[in-house]
Amino acid sequence: MKELSSSQVSTVIADQHSVDAAILSRFSARAYLNKAVDKTVLEDLLAVAARAPSGTNTQPWNVYVVQGAGKDNLVNEVCAANEAMTANPELAKEYVEAYDYYPAKWVSPFIDRRRECGFGLYGVLGITKGDKDKMQFQHQQNFRFFGAPVGLIFTIDKALGRGSLFDYGMFVQNVMLAARARGLHTCPQAAWNNFHKIIFKHVGAQENEMMVCGMSLGYADESAIVNTFKTTRVEASAFTKWIE
Ligand SMILES: Cc1cc2nc3c(=O)[nH]c(=O)nc-3n(C[C@H](O)[C@H](O)[C@H](O)COP(=O)(O)O)c2cc1C
């Protein structure tokens with residue numbers, strides 16, 4: 001990580017465009033080139049990301065980087081578990097996530113946005129309503145890290161409070177932006193959370209840890225149709241109230 005040549009206070013972000021471009025060009029990439037990422041790039045990226053703020057500088061992040069044969073073994077076991085669960089939904093009780101990432105009961109407008117996102121993705125992929133096999137195939141791509149050469153597993157110490165998950169989000173966003181600065185793309189993934197028991201066995205995570213999410217990281221495949229999917233956003237004016 002290149003240290004700043006001037007102090008943090010006096011550093012001028014001369015190029016606003018680069019910062020905005022990193023934010024605006026980040027999207028959830030769901031197809032990657034078969035091209036390795038240098039370890040030094042990953043080390044540097046994580047060192048930059050760790051400058052994320054956290055309450056009283058608690059730095060709750062803990063990252064497992066999975067690549068090569070280690071990744072293949074994990075992918076194979078989780079894909080098999082997901083397939084078994086699809087065939088026998090009874091098995092779902094064995095694969096319960098450690099915290100409720102999504103609400104038990106969906107309400108508007110969130111359910112509407114969720115649907116728009118799902119249908120939009122399937123639309124780009126030509127998957128029509130009710131085409132369960134294709135939906136299942138696409139879901140299964142999660143557990144192949146969408147073909148990315150690098151998988152990241154994020155965990156947190158269970159001793160920490162809810163606020164630390166808030167800090168964690170900033171770290172995860174930093175990872176994704178620092179990735180952009182290095183020509184890389186990412187896809188954060190809660191899909192892995194159900195399989196934390198299998199994952200922990202593979203990465204050697206301990207009892208005191210809780211799975212936060214997974215992430216695919218690599219060089220995005222520009223020719224993949226899935227990577228043309230662009231999500232919408234609510235206008236800032238719709239969620240901002242000005243009290244003056
Ligand atoms: C914590 C988190 C978990 C997510 N989990 C998944 C996932 O399991 N699979 C997936 O395909 N996308 C996942 N996403 C991606 C979201 O669908 C995506 O961020 C959202 O639709 C906005 O699209 P964009 O990231 O392309 O801007 C996740 C995003 C976040 C922040």
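Of everything in segment 208-236 that is more than 16 Å from the ligand (Cβ to nearest atom) and within 24 Å of residue 166 (Cα to Cα), the residue that is surrounded by the most Cβ atoms within 10 Å (Cβ to Cβ) is 209. Restricting 205, 159, 178 to residues that are away from the ligand (no atom under 15 Å from the Cβ), buried (at least 19 other Cβ atoms within 10 Å of the Cβ) and not β-branched (Val, Ile, Thr) narrows the list to 178.
Restricting 12, 41 to those that are of a type in the set (Val, Ile, Thr) and buried (at least 16 other Cβ atoms within 10 Å of the Cβ) reduces the list to 41.
Taking segment 181-197 as the range and being surrounded by fewer than 18 Cβ atoms within 10 Å (Cβ to Cβ) and hydrophobic (A, V, I, L, M, F, W, C) as the test, the residues that pass are 181, 190.
For segment 133-151, taking the residues that are open to solvent by 60 Å² or more (accessible area, probe 1.4 Å) and more than 14 Å from residue 32 (Cα to Cα), the one that is farthest from the ligand (Cβ to nearest atom) is identified as 133. Looking across segment 114-132 at every residue that is free of Cβ contacts under 8 Å to residues at least 24 places away in the same chain and open to solvent by 70 Å² or more (accessible area, probe 1.4 Å), the one that is nearest to the ligand (Cβ to nearest atom) is identified as 114. Of the residues examined, residue 100 is not one that is away from the ligand (no atom under 16 Å from the Cβ) and either of a type in the set (S, T, N, Q) or open to solvent by 50 Å² or more (accessible area, probe 1.4 Å) (or both).
The values are calculated or read from the model by the stated rules, or taken from the named source; none is laboratory data. Model, not experiment: these values are computed from the prediction. Virtual Cβ from ideal backbone geometry, glycine too; neighbours counted across all protein chains shown. For accessibility, only protein heavy atoms count, side chains too; no ligands or nucleic acids. Shrake-Rupley method; radii C 1.70, N 1.55, O 1.52, S 1.80 Å.
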